[in-house]
Amino acid sequence: MLCSLFLLVCGFVLLAAGAELLVRGSSRLALRLGITPLFVGLTIVAFGTSAPELAVSIEAAMNGSSAIALGNIIGSNIANIGLILGITAIISPIRVESELLKRQIPLMIGVSLFLCLLLLDGQIGLIDGIILVLGLGGL
């Protein structure tokens, strides 16, 4: 049990260190390329932090556990929006420009509703996946 606890703590430390390196490196890259920090936060860092969910979802789908893959995606979004944003706001108020609210919130709601539409037939198939990947490229 002590060994498992030690490995768990080591995993958390490595996870935190990796996340810190990802954020710092992405921020430096953005500054060098003249990209806004908001764009970096919404894309590069989001992809990096979503990699574990992607790996779990692919593994689950390959093992025929599509419900786990879908639950992982939805749960991750709820955790990112509610837990992470909420804790951040508790620690320090978040300044939000009105232009961000006008564009991003309707987009987030629209994409969530679109996912609901894709799920009406009870599955996310090849065509649905292609549409989602193309939509990601269009954002």
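No lab work stands behind these numbers, since they all come straight from the coordinates. Note that the structure is predicted; figures quoted are calculated from it, not measured. Methodologically, a virtual Cβ is constructed for each residue, glycine included, from the backbone with ideal geometry; neighbour enumeration extends over all protein chains shown.
From the helices alone, meaning DSSP H stretches of at least four residues, give me the mean residue ellipticity at 222 nm for the chain, per-run term -39500 (n - 2.57), in deg cm²/dmol to the nearest 500. Walk me through the numbers before you get to the answer.
On the way: 7 runs with 111 residues, N = 139.
Calculated from helices alone, the mean residue ellipticity at 222 nm is -26500 deg cm²/dmol.
In the range 40-139, what trypsin sites (Lys or Arg not before Pro) fall in a loop by DSSP, with at most 13 other Cβ atoms inside 10 Å?
R95
Percent relative contact order of the chain, based on C-alpha pairs within less than 8 angstrom and at least six residues apart?
Across the chain, relative contact order equals 10 percent.
How much of the calculated P(r) for the chain lies past 21 Å, in percent of all Cα pairs?
For the chain, the fraction of Cα-Cα distances above 21 Å is 57 percent.
What FRET efficiency comes out for the pair F47/L120, r = Cβ-Cβ distance, R0 = 41 Å, nearest 0.05?
Details: r = 28 Å, r/R0 = 0.68.
For R0 = 41 Å, the calculated efficiency reads 0.90.
Based on Cα positions only, what radius of gyration and what Dmax would you give for the range 97-139, in angstroms?
12.4, 38
Taking 0.36 nm per intervening residue step and subtracting the Cα-Cα distance, what contour gain separates Q104 from S66 on full extension?
That works out to 10.8 nm of additional length.
What order do you get for 6-16, 31-41 when each peptide is scored by the mean count of other beta carbon atoms within 10 Å, highest first?
In descending order of packing, they fall as 31-41, 6-16.
Please work out the Cα center distance from the range 1-27 to the range 42-76, rounded to the nearest Å.
Taking the Cα centre of each part, the range 1-27 and the range 42-76 sit 19 Å apart.
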